[in-house]
1. Would you check which residues across the range 18-50 are near the ligand (Cβ under 9 Å from one of its atoms) and farther than 28 Å from Val186 by Cβ and list them?
2. The conditions are (1) in contact (Cβ under 8 Å) with a residue 12 or more places away in the chain; (2) open to solvent by less than 70 Å² (accessible area, probe 1.4 Å), and Pro61 fails exactly one of them. Which is it?
3. Give the residue, chosen from Ile83, Ile142, that is β-branched (Val, Ile, Thr), open to solvent by less than 10 Å² (accessible area, probe 1.4 Å) and within 11 Å of the ligand (Cβ to nearest atom).
4. Do you know which of the residues in the range 119-133 that are open to solvent by less than 60 Å² (accessible area, probe 1.4 Å) and over 17 Å from the mean Cα position of the chain (by Cα) is farthest from Pro10 (Cα to Cα)?
5. If I filter the range 94-103 for residues that are open to solvent by less than 60 Å² (accessible area, probe 1.4 Å), charged (D, E, K, R) and touching a residue at least 60 places away in the same chain (Cβ under 8 Å), do I get at least one hit?
6. Kindly list, by first and then second residue, each pair from a residue in the range 173-187 that is open to solvent by 50 Å² or more (accessible area, probe 1.4 Å) to a residue that is within 12 Å of the ligand (Cβ to nearest atom), limited to pairs with Cβ atoms under 6 Å and residues at least 6 apart or on different chains.
7. Could you please tell me which pairs satisfy a Cβ distance under 6 Å, a separation of 6+ or placement on different chains, a first residue in the range 1-30 that is part of a strand (DSSP E or B), and a second residue that is basic (Lys, Arg) and near the ligand (Cβ under 8 Å from one of its atoms)?
Amino acid sequence: MLNIIIFGAPGSGKGTQSEKLTERYNLTHISTGEVLRDKIERQTELGILADTYMSKGQLVPDNLVIDMLSEFIANNSESKGYILDGFPRTLPQGEAMDKILEEQNESINVVLWLDVDDDELIARLLKRGKDSGREDDTFDTIKSRLAVYYRKTEPLKDFYSKQGKLAQIDGTGTVDEIFSRIEEVVDNLNY
Ligand code: AP5
């Protein structure tokens, strides 16, 4: 299996590059943000609860997203590999992810960190907010999503760097330029 974490700040291009990775390597993509937005739209119990966090740019509690992820992996065990987009986002989520995969004799192969500076992130998200109206793409919520990223998610870089799995990718340029950089890393993996 080829298991990839696509990692980066809000607006770094995780969703955009995940789509290309899914197609190129025939993997199964999960975006925890997408799954949660779908639950909000359907007004499920978890969706209603998640909305109270997401609308403020805060993280949904670990136990809820870890359960969601475990269920997804259990339902997709025939997959050739996973692209994890937006998960893990905290150290406890990273540790839980390792355990879940270990139970299947699997592990993460690489963590692709899309490195983009804050000004570019904010510009991308404000543009999307104007074009498509995603509710959390307003200036104040973007600020709080970024602050949460630096406080709670960025420590995972050290976690994966110690495991020798972190690959820093310049996340600026065109979508295709960035994808070529990703391909170069993934094509050189032994899996
Ligand atoms: P999530 O949906 O994961 O949002 P996010 O991390 O804020 O990321 P985005 O979707 O905004 O950006 P992205 O990096 O995917 O970039 P994209 O390709 O879309 O999470 C939303 C919320 O859900 C969280 O705040 C949290 O509350 C909750 N949540 C989710 N997972 C959780 C977890 N594990 N634990 C707890 N809570 C969780 O691109 C962004 C924009 O830029 C697009 O408009 C795109 O067209 C554009 N773009 C992309 N690439 C380029 C480029 N190269 N040049 C110019 N523009 C570009």
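1. Ala50 - this is the single residue of the range 18-50 that is near the ligand (Cβ under 9 Å from one of its atoms) and farther than 28 Å from Val186 by Cβ.
2. Every listed condition holds for Pro61 apart from (1).
3. After applying the criteria, what remains is Ile142.
4. Gly133
5. The answer is no; no qualifying residue exists.
6. Val175/Thr16; Arg181/Ile169
7. Close Cβ pairs (under 6 Å, with a partner that is basic (Lys, Arg) and near the ligand (Cβ under 8 Å from one of its atoms)) amount to Ile6/Lys14; Gly8/Lys14.
The values are calculated or read from the model by the stated rules, or taken from the named source; none is laboratory data. All values derive from a computational prediction rather than experimental measurement. Methodologically, a virtual Cβ is constructed for each residue, glycine included, from the backbone with ideal geometry; neighbour enumeration extends over all protein chains shown. Surface accessibility is based on the protein's heavy atoms, side chains included, excluding ligands, DNA and RNA. Shrake-Rupley method; radii C 1.70, N 1.55, O 1.52, S 1.80 Å.
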